[in-house]
1. Round to the nearest 10 and report in Å² the accessible area of residue A:60, as given by a 1.4 Å probe over the protein chains' heavy atoms.
2. Once R0 is set to 30 Å, what does the formula 1/(1 + (r/R0)^6) return for the Cβ-Cβ distance between residue A:139 and residue A:228, expressed as a FRET efficiency to the nearest 0.05?
3. Pop out the ³J(HN,Hα) list for the range B:13-23 in order, Karplus 6.51 cos²θ - 1.76 cosθ + 1.60 with θ = phi - 60°, rounded to Hz; leave Gly and Pro as x.
4. Could you tell me which of rounded, prolate or oblate describes the range B:5-59, using a ≥ b ≥ c as the square roots of the eigenvalues of the alpha-carbon gyration tensor, with rounded for a/c under 1.5 and, failing that, prolate when a/b is larger than b/c and oblate otherwise?
5. Let's test the formula: R0 of 30 Å, r as the Cβ-Cβ distance of residue B:36 and residue A:239. What FRET efficiency results, to the nearest 0.05?
6. Exceeding 22 Å between C-alpha atoms, which entries from my cross-link table qualify? They are A:203/B:90; A:142/A:382; A:3/A:297; A:369/B:90.
7. Any idea of the accessible area per residue across the range A:332-413, 1.4 Å probe, to the nearest Å²?
8. Using a cut-off of 14 Å between beta-carbons, work out the net charge of the residues near residue A:116 (Lys and Arg +1, Asp and Glu -1, residue A:116 not included).
Amino acid sequence: MNKLVVLGAGTAGTMVVNKLRPVLGEEWQITIVDQDETHYYQPGFLFIPFGVYTKQDVVKPKQRFIPSGVDLIVSEIDRVDPEASQVYLAGGNILDYDQLVIATGTEPRPDMTPGLIGDEWRKTVHDFYTVDGAVALREAFKDWEGGRLVVSVMELPFKCPVAPLEFNFLADSYFHERGIRDQVDITYSTVTSEAFTKPVAAKHLSGVLESKNIAIETDYYPERVDPERKVIVSYDEREIPYDLLVVIPINMGAEYIERSGLGNELNHVPVDKHTFLSTDYDNIFALGDAADLPTSKAGSVAHFAVEMFTENFPNHIEGRPMTERFDGHANCFIESGFGKGLLIDFNYDTEPLPGKYPLPGIGPFSLLKETEANHWGKMMFKWTYWNLLLPGRELPLEAQMSLAGKIQEEVGV
Amino acid sequence: MATETIAGTEVQVDEEGFFVDPNVWTEDMAGELASQVGVDELTEDHWTVIKFCRTDFDAKGESPTLRRVSTETGVPTKQLFALFPKKPAKKMSYVSGVPKPKGCV
Ligand SMILES: Cc1cc2nc3c(=O)[nH]c(=O)nc-3n(C[C@H](O)[C@H](O)[C@H](O)COP(=O)(O)OP(=O)(O)OC[C@H]3O[C@@H](n4cnc5c(N)ncnc54)[C@H](O)[C@@H]3O)c2cc1C
């Protein structure tokens with residue numbers, strides 16, 4: 001009996017077992033391990049602070065998405081011994097594997113920035129990258145009378161790189177609707193030199209920030225937060241005062257990755273960027289946010305990556321070369337408030353461009369332009385996620401990026 | 001793309017002055033590159049960082065982030081801001097002749 005062990009039953013791990021169970025024969029035993037019985041629809045966290053979704057909208061039991069013929073073990077992972085091809089679970093159990101897929105994602109670590117976790121945490125200092133954080137922020141927003149709202153990115157990379165921008169846009173829209181936008185100053189601070197890392201998209205998105213009267217502080221690398229004086233302090237000693245602070249905490253891979261000697265300085269696993277095979281072990285893959293890849297950490301990337309991986313995996317276990325090569329394809333709807341949204345589509349080599357995104361049946365969607373259709377695309381995604389994506393059903397989306405419909409003149413602006 | 005003369009050698013650089021081919025960089029170019037970004041003197045600490053940027057780029061094919069430089073060399077992040085003021089991640093790469101850091105996406 002051959003053994004495939006998948007660590008993490010989040011977006012990537014769940015898709016992997018659903019796609020591989022039908023194609024691997026009975027000689028393969030598949031086990032998936034996760035510390036949490038609940039599956040969270042993380043893109044939904046963004047909407048909770050604004051009262052659009054509640055906690056009930058974003059949670060379902062994990063077991064429901066695990067196909068028969070796959071064992072789900074609910075346990076924390078303590079470490080991997082890659083030399084012995086064994087996984088140690090927190091309770092002391094040991095799993096042997098022939099092939100291992102690491103899909104334990106990346107998690108917000110507010111404890112890594114001095115001053116974040118303290119008496120003011122979840123009172124005047126918040127995050128929305130966990131369900132509890134998003135719910136606490138909902139409570140804080142409900143009765144807020146206005147003041148300085150600061151949205152601050154602590155470190156790169158973090159999952160869903162467009163989420164803080166969307167949060168700013170939705171905050172603008174939300175306070176307008178409550179009739180107190182003139183009482184709220186919004187400032188967005190980011191580690192990058194522009195609103196986004198890719199130049200053409202950055203230009204479009206800075207325009208949107210400006211039109212919504214959201215100030216931006218760039219090249220801002222936070223060192224600590226002083227909750228008593230209500231300021232963030234950067235390494236170069238610039239201070240930003242706030243009344244309500246919303247941070248995107250430092251994102252790190254799981255701690256067992258570090259204990260197992262498998263990660264980089266943020267516990268993300270170095271892999272080949274086209275095949276996801278570990279750079280050190282040829283029976284370990286890392287997929288989704290857990291991998292150290294030069295593309296976005298996003299559900300859409302995890303989806304495209306899993307498509308490629310599951311094509312390649314049967315070849316890999318037979319000792320044949322992996323012929324499918326991942327191109328870094330990412331595709332994100334960006335909520336921009338007032339019932340509109342933008343869409344970006346890019347890969348390792350081509351940055352997000354304006355134009356049209358053709359989608360059979362429903363599209364085309366407009367790229368880098370605020371439209372109502374893009375907003376509905378984003379809202380439809382929740383249904384798509386639970387019903388099509390996680391169960392591994394076919395979606396009308398190509399895993400490889402296409403240039404069809406894109407306007408290329410703006411490259412190099 | 002443009003050509004610039006650094007320490008007597010012609011090098012091809014991109015729009016922002018980063019080397020198109022990191023392999024043409026030599027240690028005697030560092031001083032001149034540093035003064036272009038407002039770093040007048042290269043101390044031992046500067047060299048620790050520059051040497052790490054070079055070896056890490058050779059090993060990984062990518063310019064290291066501030067966190068990576070700080071973790072691997074033991075030079076505190078705050079010190080990196082003192083050594084390469086204002087935009088240390090970019091300036092370290094610039095002086096070391098490796099590409100502009102991607103920032104992550
Ligand atoms: C606020 C927010 C908004 C987002 N919006 C979007 C969006 O609009 N579009 C988009 O494409 N993506 C979005 N994302 C990103 C998306 O949710 C992630 O990229 C995606 O879930 C990654 O999948 P994954 O399988 O790699 O990790 P995850 O889905 O996070 O799964 C990791 C799993 O590993 C488990 N685990 C971790 N450590 C251990 C351990 N030690 N032992 C046992 N189990 C462990 C966890 O419990 C979890 O179930 C958003 C994320 C956030 C936080």
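The values are calculated or read from the model by the stated rules, or taken from the named source; none is laboratory data. Only a predicted model underlies this, so the values are computations on that prediction, with no experimental measurement involved. Because the Cβ atoms are built from the backbone with ideal geometry, glycine has one as well, and the counts that use them run over all protein chains shown. What goes into the accessible areas is simple: the full protein's heavy atoms, side chains included, and nothing from ligands, DNA or RNA. Shrake-Rupley method; radii C 1.70, N 1.55, O 1.52, S 1.80 Å.
1. 60 Å²
2. The calculated FRET efficiency here is 0.85.
3. For the range B:13-23, the Karplus curve yields 10, 7, 4, 9, x, 6, 4, 6, 10, x, 5 Hz.
4. oblate
5. Numbers: r = 30 Å, r/R0 = 0.99.
Taking R0 as 30 Å, the efficiency between residue B:36 and residue A:239 is 0.50.
6. Violating the 22 Å Cα-Cα cut-off are A:142/A:382; A:3/A:297; A:369/B:90.
7. Values: 3940 Å² over 82 residues.
Value for the range A:332-413: 48 Å² per residue.
8. Details: positive: A:109, A:122, A:123, A:224, A:230; negative: A:111, A:119, A:120, A:127, A:155, A:223, A:226, A:228.
In short, -3.
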